[in-house]
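The values are calculated or read from the model by the stated rules, or taken from the named source; none is laboratory data. This one's a predicted model, so the numbers in the text were calculated from it and none came from an experiment. Quick reminder, even Gly has a Cβ in these numbers, built from the backbone with ideal geometry, and neighbours come from all protein chains shown.
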Amino acid sequence: MKGESNMSKKKENHIDRREFIVTGSLAAAALSLPSIALAAPKGAPATLGLSIGFLGESGRSFQAADSVLSGDPTLFSRNARFSFRGMQRFGGERMQVTVDVIYKTDVGDLPFFAFTHSEQKKGATNNSASSSFVMPVPTTGSIDMVVKGTRASSPEAQATVSFAVNTIGKSALKLNRGAYVFALSDRAVDWSSVQAADGVQASSFVSGAKPLLLRTASGKDVNFDYVVMTVRSAA
């Protein structure tokens, strides 16, 4: 498969265990899913409220990801390493969140389960371990992720987030090295009023630890739930 061969093009002389599992899982899924299942229509889910902020590797201030005007062309040759660091909850009713990365293959689009957060009735919270995986950066396409969220009092909602270095329509965010924060909120976040907490790096953030984001004016935690994802060069 083209998707599988592209994922294996790395400068290292080995494939780490997680990337081997990803590649094998995609191959198994392609063989086990009939083409009619891949094409089966599904009912349209509710739209998930999502606002995405970006902080560059050498940046000091967050900005709305859709306001970034250019991508990093060095990622074409080096590939991009994505890492889902974890989720910070503001509070309120129980919530479940998943992020699937969509791999485009010869047999159709196949989801890779990249991140999950779930909360049980008795207060137990489960988060997937920080995941890291490499993806080739297409010159004429996008890298797509499906973010799904479910609250105790509302049905599942979802949104597709696309990343590209070149201009791919108006909806694709420009892909750069740094941190992307997925704020699950029905209102647009003013990212200029958000700052990183002292001593907290997106690359070392984990669920349940010290919050990454603070409100600039008050220094208090932000009032929305968010997932932290980092991007760096794979080479």
Would you confirm whether any residue within region 225-235 is out of contact with any Lys or Arg (no Cβ under 6 Å at 6 or more places or on another chain) and at pLDDT below 90? no
For region 62-112, enumerate the residues that are of a type in the set (Lys, Arg), part of a strand (DSSP E or B) and closer than 25 Å to Ala196 by Cβ. Arg81, Arg85
Only strands (runs of 3 or more DSSP E) wholly contained in region 113-180 count here; list those with 2 or more residues that are over 12 Å from the mean Cα position of the chain (by Cα), farther than 12 Å from Phe82 by Cβ and hydroxyl-bearing (Ser, Thr, Tyr). none
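Results for (1) surrounded by 21 or more Cβ atoms within 10 Å (Cβ to Cβ); (2) touching a residue at least 12 places away in the same chain (Cβ under 8 Å), shown as yes or no for each residue.
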position	(1), (2)
Val134	yes, yes
Ser142	yes, yes
Ser153	no, yes
Ser171	no, no
Leu184	yes, yes
Ala188	no, yes
Val206	no, yes
Looking at region 143-177 only, could you name the residues that are among the basic types (Lys, Arg) and closer than 18 Å to Arg232 by Cα? Lys174, Arg177
Which of the residues belonging to region 192-202 are under 18 Å from the mean Cα position of the chain (by Cα) and buried (at least 17 other Cβ atoms within 10 Å of the Cβ)? Ala202
Taking only pairs six or more apart or across chains, which ones have beta-carbon atoms under 7 Å, a first residue in region 98-119 that is on the phi > 0 side of the Ramachandran plot, and a second residue that is part of a strand (DSSP E or B)? none
Taking the conditions exactly as written (more than 25 Å from Gly208 (Cα to Cα), touching a Ser or Thr at 6+ places or on another chain (Cβ under 6 Å) and surrounded by 15 or more Cβ atoms within 10 Å (Cβ to Cβ)), does Ala164 satisfy them or not? yes
Just one of (1) among the hydroxyl-bearing types (Ser, Thr, Tyr); (2) at pLDDT 50 or above; (3) in a helix (DSSP H, G or I) trips up Ser25, so point out which. (2)
Mind listing just one residue for me: the one in region 87-129 that is among the small types (Gly, Ala, Ser), under 21 Å from Thr160 (Cα atoms) and surrounded by fewer than 18 Cβ atoms within 10 Å (Cβ to Cβ) and, of those, modelled with the lowest pLDDT? Ser128
